[in-house]
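Working notes, structure below.
The values are calculated or read from the model by the stated rules, or taken from the named source; none is laboratory data. Just so we're clear, the structure is a prediction, and the values are computed from it rather than from any experiment. Neighbour counts are summed over all protein chains in view; Cβ atoms, including those assigned to glycine, are modelled from backbone coordinates with ideal geometry. What goes into the accessible areas is simple: the full protein's heavy atoms, side chains included, and nothing from ligands, DNA or RNA. Shrake-Rupley method; radii C 1.70, N 1.55, O 1.52, S 1.80 Å.
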Amino acid sequence: MTQSHHSAPLSDPSQYLTLVNQQLTKRAKATPYSQQSTDTPRYWSLLDELLLASVQGGKRLRALCVHAGYLLSVEDDSQISADSAEQLALLGSATEFYQASALVHDDLVDHSDLRRGKPTTHVRASQSHLATDSAKLSDFGTASAVLVGDITYALALECATEAVREHPAGMQILRDFAQMTKRVAIGQYLDVVLDMKTVNQSLDTDRPIEVINYKTAGYSVIDPVCLGAQFANISGSRLSALWKAISSWGVAFQLRDDQLGVFSPASDSGKPAQHDLVEGKRTYLLALTLQLCSSSERKLLERLYSQPIRSTEDCLTISQLMETSGAREAVDNKIDELYQQGVERLAKLDFPNSAPLLDLSESLVYRTR
């Protein structure tokens, strides 16, 4: 890498995110044409539209985790080269492209119509009128979402590979990136299996936590932080200790997400109101509610979850039981416990610059949308 220095401190998250967003916008294109024009065939224009939409919006939390992980060992960023800043932005972009891939496929599996307040990829494609046969629109939407998810996954690998092409630990970083994506796919499978489980006392809290540990805890928080740390040459036992220290934040992140899916208005979450309840997701919050509610309330929940889908009135009943049973408060307490656990474990590692990660962790765990 060249030794020209970055024109502005890399410690500034907003400037780092500017580089990330530039990469996402530049690369989210499939069209072979040099630029869109009135002569560009509609099918190419639609694909570009779907790809760009998949990475638009969002809080860029995974890219920020990469950034905070990198800064753990950086006391003076004035010596960071421009190339290093660009490569770190590429690594952050890789995590964002991968999230886009995971969300496009997840929305398809979960039959979600909205993401970040806008139509999901399969819905957007089916509404495009590209298929002249109306009977085929749904199939076209499904196929488009599968393929857009595949393309964004490829873009994630492309960015990750370019980011570490000259890094001494480049192959290990790529292997860890691949391991992250594999765990998420396994977690998605476990999630689908769990959704087949009958809602009764046998739905204990261990199974949803298992899904969280595979599906979201890693790629939402732990993996991006550790990838950034690896890029800053943290390795071996030090990296393993970091992973263990912040693992509780990954679980807390998803527990908070489950709460927002029930108690946050659609306008805040950007998803359909109480979609997890409508679809009957088997969450930690639901398992805890089953443990804490009365036998008659448990029977009511079992009946509601035995239905293929739940009405708005059903969802209101379920959310009220989650509140009155004390499950919501218990999850709040669990999140507090997990957050504090991570803070204490990270402090023991005595990194030179843990403040950015600590600041980010609070916004991850206690976010309101």
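Tabulated values for the structure
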read-out: Gyration tensor verdict on region 200-349 (Cα atoms; rounded if a/c is under 1.5, prolate if a/b is larger than b/c, oblate otherwise); value: prolate
read-out: Selection from Ser45, Tyr366, Val193, by position along the positive dipole direction of the chain (Cβ); value: Val193
read-out: Region 150-257, dipole about Cα centre (Lys/Arg Cβ +1, Asp/Glu Cβ -1), debye to the nearest 20; value: 280 debye
read-out: Hydrodynamic radius by Kirkwood, which averages 1/r over all alpha carbon pairs of region 208-267, in angstrom; value: 12.4 Å
read-out: Lysines whose Cα lies under 19 Å from that of Lys281, excluding same-chain neighbours fewer than 8 positions away; value: Lys197, Lys215, Lys271, Lys299
read-out: Mean Cβ neighbour count within 10 Å, used as a protection proxy, ranking 86-97, 170-181 highest first; value: 86-97, 170-181
read-out: Mean residue ellipticity (222 nm) of the chain, computed from DSSP H runs ≥ 4 via -39,500 (n - 2.57), nearest 500; value: -22000 deg cm²/dmol
read-out: Accessible area of region 148-233 belonging to carbon and sulfur atoms, whole % at 1.4 Å probe; value: 55 percent
read-out: Inter-label distance for Ser311 and Lys348, nm, one decimal - labels placed 7 Å from Cα along Cα-to-Cβ; value: 5.3 nm
read-out: Protection proxy ranking, peptides 363-369, 276-282, average beta carbon neighbours within 10 Å, highest first; value: 276-282, 363-369
read-out: Rg(Cα) / (2.2 N^0.38 Å) computed for region 121-250, rounded to two decimals; value: 1.36
read-out: Solvent exposure ordering (accessible area, 1.4 Å, most first) of His167, His129, His111; value: His129, His111, His167
read-out: Ser294-Asp150 pseudo-label distance in nm [points 7 Å out on the Cα-to-Cβ vector]; value: 5.4 nm
read-out: Förster radius 41 Å - calculated FRET efficiency between Val192 and Arg165 (Cβ-Cβ, nearest 0.05); value: 0.70
read-out: Carbon/sulfur fraction of accessible area - region 301-356, other protein chains in place, 1.4 Å, %; value: 46 percent
read-out: Given charges at beta-carbon only (K, R positive; D, E negative), |dipole| of the chain in Debye; value: 440 debye
read-out: Heavy-atom surface of the chain, accessible at 1.4 Å and reported per residue (Å²); value: 46 Å²
read-out: Principal axis box of region 53-178, alpha-carbon based, largest edge first, Å; value: 59, 27, 23
read-out: Straight-distance crosslink candidates among aspartates and glutamates, where the alpha carbon sits under 14 Å from Lys244 and sequence neighbours closer than 8 are dropped; value: Asp223, Glu344
read-out: Whether region 266-369 is rounded, prolate or oblate, judged on the alpha carbon gyration tensor where a/c under 1.5 counts as rounded; value: prolate
